[in-house]
Amino acid sequence: MKIGFVSLGCPKNQLDTEVMLHEIATAGYEITAEETEADIVIINTCAFIESAKKEAIDNIIDIGWLKENRSLKGIIVTGCLSERYRDSIFEELPEVDAVLGVGSIHNIVDAIKAVERGERYSSYEPNDCVKLGGDRVLTTPDHAAYLKIAEGCDNRCTYCAIPSIRGKFRSRPIEDIVAEAKQLEGLGVKELTLVAQDVTRYGIDLYGEYKLAELLHAITEATKIPWVRILYCYPDKITDSLIAEMRDNDRVLKYIDLPLQHISDKMLRRMNRHGGSEKIKEVIAKLRKEIPDIVIRTTFIVGFPGETEEDFEELCEFVKETRFEHMGAFTYSREEGTPAYDFPDQIDEQIKQDRCDILMRLQMQIDAERNEKLVHKTIKVLCEDYDVVSETYYGRSYMDAPEIDGKVFFTAKKKIKPGTFVTVKTDYAEDYDLIGHAAE
Ligand code: SF4
């Protein structure tokens, strides 16, 4: 039986895919990247906003066509869509044969066996008792991997459905995480990216205090992994010990992903974001002072109910002043089941989009100016692969996170193996990327 897999959404969902792939391979099934060759296709979905839901449903309908017109025997849907719409998914999407909630990823083989027997199957173990971590089949390049340090979220932002999908926040024990980091080092991982819904909350449930700094220290003590990166930090939990660990530990990258969502105190309160604009500005100032070459990535939501032109202007001014190294902007997505869904003063879609475009154009200018300053510099790059089209190698510096930031394209006289660190001299900038040559 050949099993195909479609993995959608964030790195945390991708990690669930990797755990399921390992269970499927261990059970003796063959895994194929070609859905057209598969007997059963598993679609691990995302569903936290409208566009993600649409992408998941489009994939299910497309794969459904293979069931009608090819030899595909069954479709299994896992992840956030099946969790969030557990009561209606079979009715709404009759092409689906089996569904697993986010708490049931370890029942994937039972689901496959049921579909093989031609039966419908569903499993919804409580979303906050699934065993975190575990053996997996990496779907990232050999030299880079994500590592989930916790699951769920207790922040309860008013626009967000994730707490109702993924359950309450729970950390993995430090020993577990360090053991997995050692395992990944053994597989040749050079860049380890720690993820959770909120990595800065790490430890509070298990140890009664924030322990991200200790965790980073423990990982770099127990392994020689050159690059350790953190994603999804929350501004009011950036502790002095975390800043010190990032400043003093050479193998913890001077990179922080800090979704802020807004800067207007009125909007932050309506979003139930903890810590007001003063706290945010204070944290950023401290990061920049203590870690001069820090790279700060952030994201903002525009068009949240009640956002006035003044609120938006305040956000634009903040972006101009702060000059984030990387910034993403999203239009507010009205999600049923979240408190903000029923808020008055919902904003017109066109106004949302216009504000998003204005903010992104602002940032493009900042990115271009920043990239220009990185020309004729020498930077350390983790080579990812060779691009046959541009006939150049490409990779990333510490300033670029996988899959979301820019790249460095470079020529080299000798052959470079993916996963190798290369010293690159930059020659010019292009949009979000840098182009250069390997220093001899
Ligand atoms: S921090 Fe807020 S936006 Fe992020 S997962 Fe938690 S509730 Fe959602």
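If you add up the charges near residue 335, with Lys and Arg at +1 and Asp and Glu at -1, over every other residue whose beta carbon is less than 10 angstrom from its beta carbon, what do you get? Write down the numbers at each step before the final one.
Details: positive: 53, 84, 334; negative: 50, 336.
Local net charge: +1.
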Using a 7 Å offset from the Cα along the Cα-to-Cβ direction at both residue 113 and residue 373, what is the distance between the two label points in nm, to one decimal? 6.0 nm
Using the heavy atoms of the protein chains alone and a 1.4 angstrom probe, what is the accessible area of the chain per residue in square angstrom? 43 Å²
Unpartnered Cys in the chain, judged by a 4.7 Å Cβ-Cβ cut-off, are 10, 46, 80, 129, 153, 233, 316, 356, 383
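Restricting to Cα pairs below 8 Å that are 6+ residues apart, what does the relative contact order work out to for the chain? Please round to a whole percent. Mind dumping the intermediate values first?
Numbers: 880 pairs, mean separation 42.1, N = 440.
Value for the chain: 10 percent.
Taking the Cβ of residue 237 as the center, what net charge do the other residues with Cβ under 9 Å away carry, scoring Lys and Arg +1 and Asp and Glu -1? The partial results should precede the final answer.
On the way: positive: 201; negative: 198, 236.
Once all neighbours under 9 Å are counted, the net charge is -1.
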Between the residues 123, 101, 63, the Cα farthest towards the positive end of the dipole of segment 32-130, that dipole coming from +1 and -1 charges on the beta-carbon of Lys, Arg, Asp and Glu, is from 123
Would you work out the charge dipole size for the chain about its Cα centre, treating the Cβ of every Lys and Arg as +1 and the Cβ of every Asp and Glu as -1, and quote it to the nearest 20 debye? 1240 debye
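Given the pairs 148/373; 131/286; 148/266; 224/425; 281/352; 54/352, which span a C-alpha to C-alpha distance of over 29 angstrom in this model? Don't skip to the answer; put the middle values down first.
On the way: 148/373 34 Å; 131/286 37 Å; 148/266 33 Å; 224/425 26 Å; 281/352 25 Å; 54/352 19 Å.
In this structure, 148/373; 131/286; 148/266 lie more than 29 Å apart at Cα.
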Between 235, 126, 94, which gets the highest mean-square fluctuation from a Gaussian network model of the chain, Cα cutoff 10 Å? 94
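Rounded to the nearest 5, what % of DSSP beta bridges with both residues in the chain are antiparallel?
Details: 21 of 65 bridges.
Percentage antiparallel, nearest 5: 30.
Give me the percent of DSSP beta bridges within segment 108-237 that run antiparallel, rounded to the nearest 5.
Values: 2 of 11 bridges.
Antiparallel bridges make up about 20 percent of those DSSP assigns within segment 108-237.
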Charge context of residue 206, other residues only, Cβ under 12 angstrom, K/R +1, D/E -1: -1
At a Förster radius of 35 Å, what calculated FRET efficiency corresponds to the Cβ-Cβ distance of residue 50 and residue 431, to the nearest 0.05? 0.80
Which one, 38, 260, 350, projects farthest toward the positive side of the charge dipole computed for the chain from Cβ point charges (K/R +1, D/E -1)? 260
Stretchable slack from residue 205 to residue 168, in nm (0.36 nm times residue separation minus alpha-carbon distance): 12.3 nm
The FRET efficiency for residue 244 and residue 221, from their Cβ-Cβ distance with R0 = 22 Å and rounded to 0.05, is 0.90
Between residue 364 and residue 388, what is the spin-label point distance in nm, taking each point 7 Å from the Cα along the Cα→C-beta axis? 3.1 nm
Residues of segment 296-313 with amide N under 18 Å of a point placed 7 Å along Cα→Cβ from residue 348: 302-313
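The values are calculated or read from the model by the stated rules, or taken from the named source; none is laboratory data. The structure presented is a predicted model; accordingly, all values stated were derived computationally and were not measured. No Cβ is skipped: glycine too gets one built from the backbone with ideal geometry, and neighbour counts run over all protein chains shown. Accessible surface areas use protein heavy atoms only, side chains included; no ligands, DNA or RNA. Shrake-Rupley method; radii C 1.70, N 1.55, O 1.52, S 1.80 Å.
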